[in-house]
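What follows is a single structure, written as structure tokens, with notes after it.
The values are calculated or read from the model by the stated rules, or taken from the named source; none is laboratory data. Values in this document were obtained by computation on a predicted structure and should not be read as measured data. Ideal geometry is used to build each Cβ from the backbone, glycine not excepted, and the neighbour counts take in all protein chains shown. Ligands, DNA and RNA are stripped out before the accessible areas are found, and what is left, the full protein with its side chains, is counted by its heavy atoms. Shrake-Rupley method; radii C 1.70, N 1.55, O 1.52, S 1.80 Å.
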Amino acid sequence: MTGRLNVVVGVSGGIAAYKAVAVIRALVLAGHDVHVVATEAALRFVGKPTLEAISRNPVHTDLYEGVAQVRHVAIGQAADLIVVAPATAHSIAKIAAGLADDLLGNTILASSAPLVLAPAMHTEMWQNPATVANIATLRARGVTIVGPAIGQLTGSDTGAGRMVDPDDVVSAALAALTVQDLAGRRVLVTAGGTREALDPVRFIGNRSSGRQGVALAVAAASRGAEVTLLAANLEVPVPTGITRIDVVSAGDLASAAALEVNRADIVIMAAAVADYRPAVIAEAKIKKESAGERLTLELVRNPDILSSLSASKRADQIVVGFAAETEPDDAALLEAGRGKVARKGCDYLVLNRVGWAEGFSVPDNDVVMLDLAGDIVMRASGSKASVAHRILDRLA
Ligand code: C5P
């Protein structure tokens, strides 16, 4: 993915300027160097000290400051990405017309970086033919327009015009920098861990949080794919823009996968699926008073979804399996992976080690990717997001 970026956040003067603070914060926390260029009007809504403290950089507004450093073009030239949030109707009109009567206008004109605008205004202004034409002009030039959302506006009215949530502005902005090498592809991802009911209140489950699977879904969507996520009891949120279908048990997952698989070009089975389920699900809560000191559960094998999808897949589909193994040494781990990819018949298998303190509910992962022949095609370690991108690099 992307490393540390120089991001210019343009803040124009609307009530939603207070949300710019959260956009700036999210970019800083994601490790980027953020430079705020605010219009005079924006500073009537949020104070410079707030913007400077949150961005950790001086905030510029005045075209006639820093002339010796040719600041009116320097900021734009250095930018890897420009995000204007909020983008008012007025600032959109100025950008569409190429006006440079303030520092933000100059910065945008002097830059060849991707430009992302998050409009915020009242519905009437958003629907006004002037704004509609300006947005069409900007889109035709390749500018990314994120939102606006429909919802409660500043007054008592509701409608189209709300600035989208700061996190969604940030993901759209970073996606604008990502190569769209999965555009037009449909990707089906399974994530999380299934739960097999014992009785109305208990289940047999596993420790999968769904982090790696969700990271794969997010990464695929950011590369332009249309993503469906079969979500099994996730511990992590799923951002908007991904079609989420919730499932509980391995049986639910099998049914949902059967319905979705034909549409998919790529199937990534990151979910931890129970190999066994209770032979009977008790109608009522199992009580120790009747079960006594020792309770024996009878389990039956679940069908292997990955094996059957791999066996019936079309030649133009790619199926990727995951294997989380506890083998302590690398050679044994690799051997287990090689056996599994051969048995399951998937195109690729992503193998990682798990243990009491390894693999689950942690932000990082360390994986080896094998092909059907058992050859190592990729090794990756780092955040689950970066591992997701490395896996997709291989598939794209
Ligand atoms: O055999 P094992 O459970 O280790 O295999 C893991 C891989 O197989 C994962 O990709 C998982 O999603 C998939 N799987 C499946 N159906 C099962 C068990 C596992 O699709 N019943």
> Do any trypsin sites (Lys or Arg not before Pro) in the stretch 113-166 lie in a loop, going by DSSP, with at most 16 other beta-carbon atoms within 10 Å of their beta carbon, and if so which?
Replying inline: Arg141
>> In whole Hz and in residue order, list the ³J(HN,Hα) couplings for the stretch 362-376 that follow from phi through the Karplus curve 6.51 cos²θ - 1.76 cosθ + 1.60, θ = phi - 60°; x for Gly and Pro.
In response: 10, x, 10, 8, 9, 10, 10, 10, 10, 8, 4, 7, x, 7, 6
> Karplus couplings for the stretch 222-229 from phi (6.51 cos²θ - 1.76 cosθ + 1.60, θ = phi - 60°), rounded to Hz, Gly and Pro as x?
Replying inline: 5, 9, x, 6, 8, 10, 10, 10
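How much accessible area per residue does the stretch 281-334 have, in Å², with a 1.4 Å probe?
Dividing the accessible area of the stretch 281-334 by its residue count gives 72 Å².
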>> Roughly how far apart, in whole Å, are the Cα centres of the stretch 1-65 and the stretch 226-276?
In response: 38
>> Just to confirm, what accessible area per residue do you get for the stretch 6-175 at 1.4 Å probe, in whole Å²?
In response: 44
>> Need the list of aspartates and glutamates near Lys94 for cross-linking: C-alpha distance under 14 angstrom, and skip anything on the same chain fewer than eight residues off.
In response: Asp102
> In terms of modelled amide H atoms, which long-range or inter-chain residues lie less than 5 Å from the amide H of Val247?
Replying inline: Ala231, Ala232, Asn233
> What dipole magnitude, in Debye to the nearest 20, does the stretch 6-175 give about its Cα centre under +1 on Lys/Arg Cβ and -1 on Asp/Glu Cβ?
Replying inline: 100
> Ranked by accessible surface with a 1.4 Å probe, highest first, in what order do Lys285, Lys94 come?
Replying inline: Lys285, Lys94
>> Just to be sure I understand: if I project the alpha-carbon convex hull of the stretch 270-396 onto a plane and average over all orientations, what area do I get in nm²?
In response: 10.7
>> Can you give the log10 of the normalised intensity I(q)/I(0) at q = 0.17, 0.19 Å⁻¹, computed with Debye over equal Cα scatterers of the stretch 6-175?
In response: -0.97, -1.24
>> Within 9 Å, Cβ to Cβ, of Glu327, how many net charges do the neighbouring residues add up to if Lys/Arg are +1 and Asp/Glu are -1?
In response: -3
>> Just to compare against my own numbers: the Cα pair-distance distribution for the chain, 10 Å bins, whole % per bin, please.
In response: 5, 20, 25, 19, 16, 10, 4, 1, 0
> For the chain, which span is the longest to avoid every loop-located (per DSSP) member of chymotrypsin sites (Phe, Trp or Tyr not before Pro) having at most 13 other Cβ atoms inside 10 Å?
Replying inline: 65-355
> In terms of modelled amide H atoms, which long-range or inter-chain residues lie less than 5 Å from the amide H of Ser111?
Replying inline: none
> Hey, any idea what % of the chain's accessible area is carbon plus sulfur with a 1.4 Å probe?
Replying inline: 53
> Can you give me the Cα centroid spacing of the stretch 104-132 and the stretch 280-325 in angstrom?
Replying inline: 52
> Going through the stretch 308-378, which trypsin sites (Lys or Arg not before Pro) have at most 11 other Cβ atoms within 10 Å and a DSSP loop state?
Replying inline: Arg314
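Strictly over 32 Å apart at the Cα level, which of Lys287/Lys344; Lys19/Lys384; Lys285/Lys384 would you flag in this model?
Flagged as over cut-off: Lys287/Lys344; Lys285/Lys384.
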> For the stretch 350-370 and the stretch 138-204, what is the separation of their C-alpha centers, rounded to whole Å?
Replying inline: 26
> If you average the sequence gap of Cα pairs under 8 Å that are 6 or more apart and divide by the length of the chain, what percent do you get for the contact order?
Replying inline: 11
> Quick one: putting +1 on the C-beta of Lys and Arg, -1 on the C-beta of Asp and Glu, what dipole do you get for the chain around its Cα centre, in Debye to the nearest 20?
Replying inline: 260
>> Within 10 Å, at most 13 other Cβ atoms, and a DSSP state outside H, G, I, E, B define an exposed site. Report the longest part of the chain free of exposed GluC sites (Glu not before Pro).
In response: 66-282
> What residue among Ala68, Ala30, Ala323 has the largest mean-square fluctuation in a Gaussian network model of the chain, using Cα springs under 10 Å?
Replying inline: Ala68
> Near the amide H of Ala272, under 5 Å away, which other amide H atoms are found, from residues 5 or more places off or on another chain, if H is placed in the peptide plane?
Replying inline: Gly192, Gly193, Thr194
> How large is ³J(HN,Hα), in whole Hz, for each residue of the stretch 382-394 in order, when computed from phi with the Karplus curve 6.51 cos²θ - 1.76 cosθ + 1.60 and θ = phi - 60°, using x for Gly and Pro?
Replying inline: x, 5, 4, 5, 6, 4, 4, 5, 5, 5, 5, 3, 5
